[in-house]
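The structure under discussion appears below in the form of structure tokens.
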Amino acid sequence: MSQPGYPVILNIAGLPVVVVGGGTVAARKVGKLLEAGAQVTVVSPDLAPRLQEWAGHGKIRWLDKRFEPGDIRGARLVIAATNDPQVNLAVYNALEPYQWINIVDRPDLSDFVVPTTLRQGKLSISVSTSGASPGLAKQITAELAERYDEVYADYVDFLAQCRLEILQHVPDQKQRQRLFAALLDPVFLRLTREGKQKERSARYRRLLSTAAGSPAGRGAGSATAEVEREAGQDGDSDPALKQSGQQQSEDEI
């Protein structure tokens, strides 16, 4: 990849993916693919213990052989993860136009790279150096894990549920934006960290009822002003939230 690339999260659940190689690197790749729900085929005459276990339990399909071009037929994604550059290049040369490939030792020939990812429930934070230094990506991810700890799994679940309710009960787009911004007030994360989910829920309910129950004739300004006062009443809200609430993005609509 000579260009920075376009970051995406692919939905590959149920899709066929072929991994050529049976060592520890291939095992790491396969593990992530299984987490994503892919239908994985591994092509290799030998398998690392972890891959042997998955094959034995039917979690992956194993082709006990050396690579041949027909082995990747029908795959949506292909990963060449052998320790032989010539085999990896042979996999690349066998590609069909619709197939995307990741070659572990040739990022310049890869259609995509696999970033190092921190996961806390629905929260995913990925770090990539575009293949330049996987070690640095891992170091940065470890630093992020200290800040975005396991509490964020519950916190993001809470935000997801709130978002659904807001979309259902608040028709005015500007009010929605203000509510989404108000929910990012640090008090909600603090209550999550302290295990005060009932208090957190009660605070959110007050926000929602204020916006949903405001008469149409009052306009968005009056209702959302009450939302901001409610969110910031503890004195630990971020002043930047007012600005973020006015900025529209497709992810918030």
In what sequence, highest mean first, do 16-27, 113-124 appear when ranked by Cβ atoms within 10 angstrom?
16-27, 113-124
So, for segment 55-132, what is the accessible surface per residue at a probe of 1.4 Å, expressed in square angstrom?
59 Å²
Work out how much length Trp100 to Asn11 would gain on full extension: take 0.36 nm times their residue separation and subtract the Cα-Cα distance, in nm to one decimal.
30.6 nm
Gyration tensor verdict on segment 100-151 (Cα atoms; rounded if a/c is under 1.5, prolate if a/b is larger than b/c, oblate otherwise)
oblate
What's the ranking of 92-103, 171-182, 141-152 by average number of surrounding C-beta atoms within 10 Å, highest first?
171-182, 92-103, 141-152
Cα gyration tensor shape of segment 22-85, rounded if a/c is under 1.5, else prolate or oblate by comparing a/b with b/c:
rounded
Accessible surface of segment 12-102 [probe 1.4 Å, protein heavy atoms]: carbon and sulfur percent:
50 percent
I'd like the accessible area for Phe158, computed on protein heavy atoms only with a 1.4 Å probe and all protein chains in place. Round to 10 Å², please.
20 Å²
Return one whole number: the accessible area per residue of segment 1-46 in Å², for a 1.4 Å probe.
55 Å²
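The values are calculated or read from the model by the stated rules, or taken from the named source; none is laboratory data. Note that the structure is a prediction, hence the values are computed from the model and not measured. For neighbour counting, all protein chains shown are included, and Cβ atoms are generated from backbone atoms with ideal geometry for every residue, glycine included. To get the accessible areas, we keep the full protein, side chains included, count just its heavy atoms, and leave off ligands, DNA and RNA. Shrake-Rupley method; radii C 1.70, N 1.55, O 1.52, S 1.80 Å.
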